[in-house]
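Visitor: The structure follows.
The values are calculated or read from the model by the stated rules, or taken from the named source; none is laboratory data. All figures in this text were calculated on a predicted structure; none of them were measured in a lab. Cβ coordinates were reconstructed from backbone atoms using ideal geometry, including for glycine residues, and neighbour counts include every protein chain displayed. Heavy atoms of the whole protein, side chains included, go into the accessibility calculation; ligands, DNA and RNA do not. Shrake-Rupley method; radii C 1.70, N 1.55, O 1.52, S 1.80 Å.
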Amino acid sequence: MGQPKQERAVQTRLALMRAAAEVFDEHGYAGAGINKILKRAGLTAGALYFHFGSKEGLAEAIMNAQQDAIEPLLESQGLQRLVDITLVWSHRLPADPLLRAGVELSLGHEAFADGTPFESWRELMAVYLREAHELGQLREGVDPEAVARFVVGACTGVQLYARQVDGRQGLPRRVEEMWDCLLPGIAAPGTAHEYDAGVARGERLARGQVTA
């Protein structure tokens, strides 16, 4: 018995996104012809246009899928969840073409220069910083919105540094160092040590070993 129609549609959409991400990763957006993407996916142009409308629509879907690759792996809350988002991201980015293509498209092509992916990350991080505030995890006077903007900018910077220095292989350690600097300034007094930003935790989370 074949797959239900809705499940086939989901699988087709994912196959196109993964194939496109690999081709974008290898050739850049401009060099990623639709025929290359279709050949990699083993699908027709009709499938691409039905699900995404255009190559640009496919690229936008890849950029917007970054959070979906990370959030389901997490069960923590508040400040630790914010840390965990960046830990999983730092471990998955060097190995996952879908995440990598999303980052590169966000940074490197004028067609997607409106800042939407960065704002989506900022909004997500602000949610958990507000939760951290409600849980009494933040220092008095710390502005969740300002910290969310700062963390997005800091993550952007450390991944660019890691990309240039070692092909992002050192990104998990760079993110750990980022939190070593930041946590003492935003966590409630005397609690910074309670939050685990270590490389080992990131490895466990990235493998799907959910940790609260």
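Visitor: Out of the residues in segment 13-29 meeting the condition of being surrounded by fewer than 18 Cβ atoms within 10 Å (Cβ to Cβ) and not charged (D, E, K, R), tell me which one is modelled with the highest pLDDT.
Guide: ALA15
Visitor: Follow-up question, since we're still on this one. Go through (1) assigned to a loop (DSSP other than H, G, I, E, B); (2) within 25 Å of ALA192 (Cα to Cα); (3) small (Gly, Ala, Ser); (4) without any contact (Cβ under 8 Å) to a residue 60 or more places away in the chain for ALA154 and report which single condition fails.
Guide: (1)
Visitor: I need every pair where a residue in segment 40-58 that is among the small types (Gly, Ala, Ser) has its Cβ under 7 Å from the Cβ of a residue that is assigned to a helix (DSSP H, G or I) and surrounded by fewer than 14 Cβ atoms within 10 Å (Cβ to Cβ), sequence separation at least 6 or different chains.
Guide: Hits for this filter: zero, empty list.
Visitor: I need a count of the residues in segment 112-122 that are open to solvent by less than 50 Å² (accessible area, probe 1.4 Å) and either more than 14 Å from THR156 (Cα to Cα) or at pLDDT below 80 (or both).
Guide: Counting residues in segment 112-122 that are open to solvent by less than 50 Å² (accessible area, probe 1.4 Å) and either more than 14 Å from THR156 (Cα to Cα) or at pLDDT below 80 (or both) gives 2.
Visitor: What are the residues in segment 161-173 that are surrounded by fewer than 20 Cβ atoms within 10 Å (Cβ to Cβ) and touching a residue at least 24 places away in the same chain (Cβ under 8 Å), if any?
Guide: GLY167, GLN169, ARG173
Visitor: Output the number of residues of segment 39-53 satisfying the condition of being farther than 16 Å from GLN11 by Cβ and within 23 Å of the chain's Cα centre (by Cα).
Guide: Qualifying residue count for the region: 0.
Visitor: Whether any residue in segment 94-106 is at pLDDT 90 or above, open to solvent by less than 60 Å² (accessible area, probe 1.4 Å) and part of a helix (DSSP H, G or I) is what I want to check.
Guide: No, there is no match, as no residue in segment 94-106 is at pLDDT 90 or above, open to solvent by less than 60 Å² (accessible area, probe 1.4 Å) and part of a helix (DSSP H, G or I).
Visitor: Are any residues in segment 64-79 part of a helix (DSSP H, G or I) and crowded, with 21+ Cβ neighbours inside 10 Å, and if so, which ones?
Guide: Of everything in segment 64-79, just one residue is part of a helix (DSSP H, G or I) and crowded, with 21+ Cβ neighbours inside 10 Å, namely LEU79.
Visitor: crowded, with 18+ Cβ neighbours inside 10 Å, without any contact (Cβ under 8 Å) to a residue 40 or more places away in the chain and within 21 Å of ASP68 (Cβ to Cβ) - does that describe any residue in segment 131-148?
Guide: Yes, that holds for at least one residue.
Visitor: For segment 30-44, what are the residues that are at pLDDT 90 or above, open to solvent by 40 Å² or more (accessible area, probe 1.4 Å) and assigned to a helix (DSSP H, G or I)?
Guide: Selection gives ILE34, ASN35, LYS36, LYS39, ARG40.
Visitor: For segment 138-149, check the following and say yes or no: at least one residue is outside any loop (DSSP other than H, G, I, E, B) and within 30 Å of LEU14 (Cβ to Cβ).
Guide: Among the residues of segment 138-149, at least one is outside any loop (DSSP other than H, G, I, E, B) and within 30 Å of LEU14 (Cβ to Cβ), which makes the answer yes.
Visitor: What about ASP68, is it without any contact (Cβ under 8 Å) to a residue 12 or more places away in the chain and within 17 Å of the chain's Cα centre (by Cα)?
Guide: Criteria met by ASP68.
Visitor: Pairs, please: C-beta under 6 Å, at least 6 apart or cross-chain, first residue at positive phi and open to solvent by less than 60 Å² (accessible area, probe 1.4 Å) and in segment 195-212, second among the aliphatic types (A, V, I, L, M) and modelled with pLDDT under 95?
Guide: GLY208/LEU73
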